[in-house]
Amino acid sequence: MKVKPLDDRVLVKPMEPKEQTRGGIILPDTAKEKSQEGLVVAVGTDEDLQAKIKAGDKVLFAKYAGTEIKIDGEEHMILGRSDVLAIVEE
């Protein structure tokens, strides 16, 4: 299935939550927090947004933002422009 977001929306595939702390402690599933990082899959039709964010960018998004959907059995989120907080550059 192919999903193309409209207007100022962004389709993001959330990254897996971290398995381990910086100190090396392995976290059980009950202690893992929902990831706030993701990989942009598609950008809506808003030209200003397309100039700032493109597919393949790694972004940070608000904790309780967006709408969760499944595409081909994988979790994705549709976020509004204001839900995307930053682009992560490595």
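The values are calculated or read from the model by the stated rules, or taken from the named source; none is laboratory data. Bear in mind the structure is a predicted one, so any value in this text is a computation, not a measurement. Using ideal geometry, Cβ is built from the backbone for each residue, glycine included, and neighbour counts are taken over all protein chains shown.
At pLDDT 95 or above and surrounded by 13 or more Cβ atoms within 10 Å (Cβ to Cβ): is that true of D57 in this structure? The answer is yes for D57. Taking first residues from the stretch 50-77 that are of a type in the set (S, T, N, Q) and partners that are in a loop (DSSP other than H, G, I, E, B) and surrounded by 12 or more Cβ atoms within 10 Å (Cβ to Cβ), the Cβ contacts under 9 Å between residues at least 6 apart in sequence or on separate chains come to Q50/G44.
Within the stretch 42-54, the set of residues being touching a Leu at 6+ places or on another chain (Cβ under 7 Å) and surrounded by fewer than 12 Cβ atoms within 10 Å (Cβ to Cβ) is empty. Those strands (runs of 3 or more DSSP E) of the stretch 32-90 in which 1 or more residues are over 11 Å from L11 (Cα atoms) and touching an Asp or Glu at 6+ places or on another chain (Cβ under 6 Å) occupy 58-61, 84-88.
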